[in-house]
1. In the stretch 349-358, how many residues are within 19 Å of Val283 (Cβ to Cβ) and modelled with pLDDT under 85?
2. Out of the residues in the stretch 144-175 that are within 24 Å of Tyr45 (Cβ to Cβ) and among the polar types (S, T, N, Q), state the one that is modelled with the highest pLDDT.
3. Given the criterion more than 19 Å from Pro309 (Cα to Cα), over 18 Å from the mean Cα position of the chain (by Cα) and either modelled with pLDDT of 90 or more or surrounded by fewer than 16 Cβ atoms within 10 Å (Cβ to Cβ) (or both), identify the matching residue among Leu397, Leu425, Leu385.
4. Return the pairs, sorted by first residue and then second, in which the second residue is buried (at least 24 other Cβ atoms within 10 Å of the Cβ) and not hydroxyl-bearing (Ser, Thr, Tyr), the first residue lies in the stretch 252-273 and is free of Cβ contacts under 8 Å to residues at least 40 places away in the same chain, the beta carbons are less than 9 Å apart, and the residues are 6+ apart or on different chains.
5. Among residues belonging to the stretch 130-162 that are in a loop (DSSP other than H, G, I, E, B) and within 13 Å of the chain's Cα centre (by Cα), point out the one that is nearest to Leu36 (Cα to Cα).
6. Scanning for something crowded, with 22+ Cβ neighbours inside 10 Å and of a type in the set (S, T, N, Q), does the stretch 261-277 turn up at least one residue?
7. State which residue is nearest to Phe189 (Cα to Cα) when the search covers only the stretch 124-135 and only residues that are touching a Gly at 6+ places or on another chain (Cβ under 8 Å) and buried (at least 22 other Cβ atoms within 10 Å of the Cβ).
Amino acid sequence: MLCVLKKWCDLDQQILVPKKLSATRGWYPGYVLTVLGLVSILNYYDRNLITILVEPMKRDLHLSDSDIGLLTGIGFALMYSILGIPMARLADRHGRARVLAAALAVWSLMTVLSGRAIDFTTMLLARAGVGIGEAGGLPATHALVADYFSPASRGRALSVIGICGGLGISLALAGGGLINDWRGWRIAFYLGGLPGLLLSGLVLFTVRERESMNPLVTARQPAIKLQTVFVTLWRRRSYVHLCIGLGIAAIGAYGQFAWTPAFLMRSYHLSAGLAGSYYSAAVGPATMIAVFIGGALNDWLVKRDRRWPFWLLAFCFAVNVPASLILFLVHNFALAMTMTLLTTVVGSLWVAPSYAIVQNLAGPQMRAIAAAIYMMIVNIVGLGLGPYVTGLLSDALTPKWGDSALAVSLCWVTMTCAVGVVSFLFATRTVAADMDEALTMPGGTAR
């Protein structure tokens, strides 16, 4: 992988990097991206490990579906989202690598402590702690990628981060389920958190800060005021439509992801290890391949028309609706796995394009904070409400629908994806002008 990344880095240096920035050896950006990829693996592993451990945790800690929804949703998402902007400000002002290393250490420690939970309250505190740590993860990671890779290859570089995230999800589902069957869910949390404590040292001591890849910016400028950031991004209407559309659509996407393993266990009477293995086999490779294709497709399409990334997002969420309804309403395991594969593909194609859109719509001084605002909205609304609303509806529908209540609940929340499609189509009207403004105004403010 380093050979491929080195070619991207050399291309970046030929296209955009000023002479004073090109002094960095050609292999080093590839190394940085590799380390950030490992961080992304642990980011998504620790965040999603709880998904495959829902049923044994529910049994041992005497939890309801609503409780599980809170733990997988707002219990994690609230702190993760609220602290995203302050963490991003710290990253932009005091060093993205240092903030990332500290964040990784915190969420890894809290993942270990999740294995010590004795009831709903202690598990909720541990999940909030994971959210606090991971609040500094993605914004700093994406900003570092944007610093080392030009817009010409940024979509592909971000797709590597997305692929590693997919690998982390796959390992969490398969590995977490198998570890649960072997030694229990507590051991799964212990083993999930320990590697991050070691990797945080590698990030701290080997990842160097680098100036912006924007050729108009040759030295790091003073951080702009938070109010100016909000005003500037609010004027870029395509950024606003992206945040609104993905926030609403993510209710269905996150609700579906958090509860599908439990749906498979309940509907087809599978153990956590078996459900995790089947689900991981469908989700893991499809996620990684689709994220990479999405990044490459974004880089190819955006050269032809800068509206294409939003059209791609609209297509993905539009296809997800009927595929999800078939998954949850037709009781056939082979068909369920086929639809899981399809929803995973369309649910992963948009990941790298959406990240690239955020970075391309932000000025060079607002990269981390623009990513944090985007993630705050998507996670408070989508990740926060999706799993919780799904669990709440499942509990409410159980008296009437019995064992089918979860499936019916999942069908209802999936319909939010259709609402997001409309917002993405609105964004295509201004995205070209908004990107022009971001490229020509290095500080992100009107001149």
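The values are calculated or read from the model by the stated rules, or taken from the named source; none is laboratory data. Since the model is a prediction, treat every value here as computed from it, not as a measurement. Using ideal geometry, Cβ is built from the backbone for each residue, glycine included, and neighbour counts are taken over all protein chains shown.
1. Taking the stretch 349-358 and keeping what is within 19 Å of Val283 (Cβ to Cβ), we get 349-352, 354.
If we keep only those that are modelled with pLDDT under 85 as well, we get 351-352.
Residues meeting the conditions: 2.
2. That would be Ser170.
3. On the way: Leu425 fails: more than 19 Å from Pro309 (Cα to Cα); Leu385 fails: over 18 Å from the mean Cα position of the chain (by Cα).
Sole residue among the options that is more than 19 Å from Pro309 (Cα to Cα), over 18 Å from the mean Cα position of the chain (by Cα) and either modelled with pLDDT of 90 or more or surrounded by fewer than 16 Cβ atoms within 10 Å (Cβ to Cβ) (or both): Leu397.
4. Hits for this filter: Leu270/Pro261; Leu270/Gly276.
5. The first filter runs over the stretch 130-162 and keeps only residues in a loop (DSSP other than H, G, I, E, B), leaving 135-136, 149-150.
Applying the additional criterion that residues be within 13 Å of the chain's Cα centre (by Cα) yields 135-136.
Values: Ala135: 15, Gly136: 13 Å.
Selected residue: Gly136.
6. no
7. The first filter runs over the stretch 124-135 and keeps only residues touching a Gly at 6+ places or on another chain (Cβ under 8 Å), leaving 124, 127-128, 131, 135.
Right, trim to buried (at least 22 other Cβ atoms within 10 Å of the Cβ) and you get 127, 131, 135.
On the way: Arg127: 11, Gly131: 15, Ala135: 19 Å.
Once the filter is applied, the top-ranked residue is Arg127.
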